[in-house]
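Have a look at the structure below, then the notes.
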Amino acid sequence: QVQLVESGGGLVQAGGSLRLSCAASGLPFSNYGMGWFRQAPGKEREFVAAISLTGSTYYADSVKDRFTISRDNAKNTVYLQMNSLKPEDTAVYYCAARWRSWSRSGNDYNYWGQGTQVTVSS
């Protein structure tokens, strides 16, 4: 049974930092591209960042130079370091896994976590 479990969300002031983690189990993690998506109230889910099997990284323009995605295959975990947070970053953040690739479209991912809330106060 595949599980993706996010953690690390919370309440932070604008300009602060958070580090999200997503622990995967039940799948050969190193064979999956991993992505982070977010969904704010009343808005559609949007791509945040992704990391390929080889460690190449991709970001939405809105988070480039502020967020960093990384993965530790030994720990079956993907991370999202979020710096210089803004109120508009407030959302539920989800990690997702895609077999042997990555994508900016959430529809292309095979597995999803339950999400973790990130709230940035002004």
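The values are calculated or read from the model by the stated rules, or taken from the named source; none is laboratory data. Treat the numbers as computed from the prediction; the structure is a model and nothing was measured. All Cβ positions, even for glycine, are placed from backbone atoms using ideal geometry, and neighbour counts span all protein chains on display. To get the accessible areas, we keep the full protein, side chains included, count just its heavy atoms, and leave off ligands, DNA and RNA. Shrake-Rupley method; radii C 1.70, N 1.55, O 1.52, S 1.80 Å.
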Expected vector for region 106-112, Karplus 3J(HN,Hα) from phi with 6.51, -1.76, 1.60 and θ = phi - 60°, integer Hz, x for Gly and Pro, equals x, 5, 8, 8, 8, 9, 9
Karplus ³J(HN,Hα) for region 40-47 (6.51 cos²θ - 1.76 cosθ + 1.60, θ = phi - 60°; Hz, whole; x = Gly/Pro) runs 8, x, x, 10, 7, 4, 9, 5
Calc'd 3J(HN,Hα), region 68-82, phi into Karplus 6.51 cos²θ - 1.76 cosθ + 1.60 (θ = phi - 60°), Hz, glycine/Pro = x, comes to 9, 9, 8, 9, 10, 5, 5, 9, 6, 9, 10, 10, 9, 8, 10
With the charge dipole of region 1-118 built from beta-carbon charges (+1 for Lys and Arg, -1 for Asp and Glu) about the Cα centre, the Cα from W102, G8, P28 projecting farthest to the positive end belongs to P28
Site L11, offset 7 angstrom along Cα→Cβ, radius 11 Å on amide nitrogen, limited to region 84-115, gives none
In whole Å, largest first, the alpha carbons of region 25-74 cover along the principal axes 35, 25, 12
Length gained, N73-S30, 0.36 nm per residue minus C-alpha separation, equals 14.9 nm
Lys and Arg at +1, Asp and Glu at -1: neighbours of C22 with Cβ under 15 Å from its Cβ sum to +3
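Per residue, how much accessible area does region 61-122 have with a 1.4 Å probe, in Å²? All intermediate terms of the calculation are to be shown ahead of the outcome.
Details: 3260 Å² over 62 residues.
So region 61-122 comes to 53 Å² accessible per residue, rounded to a whole number.
What percentage of the solvent-accessible surface of the chain, computed with a 1.4 Å probe over protein heavy atoms, is contributed by carbon and sulfur atoms? Please report the intermediate quantities before stating the final value.
Values: 2610 of 6160 Å².
About 42 percent, which is the carbon plus sulfur part of the accessible surface.
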